[in-house]
Amino acid sequence: MELRFSREQNRRDRLAFIKRYSEWVKSVPNEVWSQQQTALINSFLNSSKDFQLSRSEYLLMKDRSKTASLRHREHYTTRSSEAHG
């Protein structure tokens, strides 16, 4: 079984979630969604304490990932244009 990741489908799913969530926020009292936001932010802060990479290591990893992704995209863009050209 092959798993495919669709950036466009992912974008549509995220936008649909944002619309649903914003409607929910508008429909409940501030205290309700505020408590949920507080819990979410606190969980992010707590989990960041257990993160194994330092800030500089994390940023280096992100930079390398971005560079590799760009190289990958350029490689397949070039191959695709050569196949059609």
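The values are calculated or read from the model by the stated rules, or taken from the named source; none is laboratory data. Please read these numbers as outputs of a predicted model, since none were measured by experiment. For neighbour counting, all protein chains shown are included, and Cβ atoms are generated from backbone atoms with ideal geometry for every residue, glycine included.
Results, tabulated for the structure shown:
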| quantity | calculated |
| --- | --- |
| Tally of residues being assigned to a loop (DSSP other than H, G, I, E, B) and of a type outside the set (Ser, Thr, Tyr) across region 27-82 | 6 |
| Failed criterion for TRP33 (all others in (1) at pLDDT below 90; (2) loosely packed, with under 10 Cβ neighbours inside 10 Å; (3) not aliphatic (A, V, I, L, M) hold) | (2) |
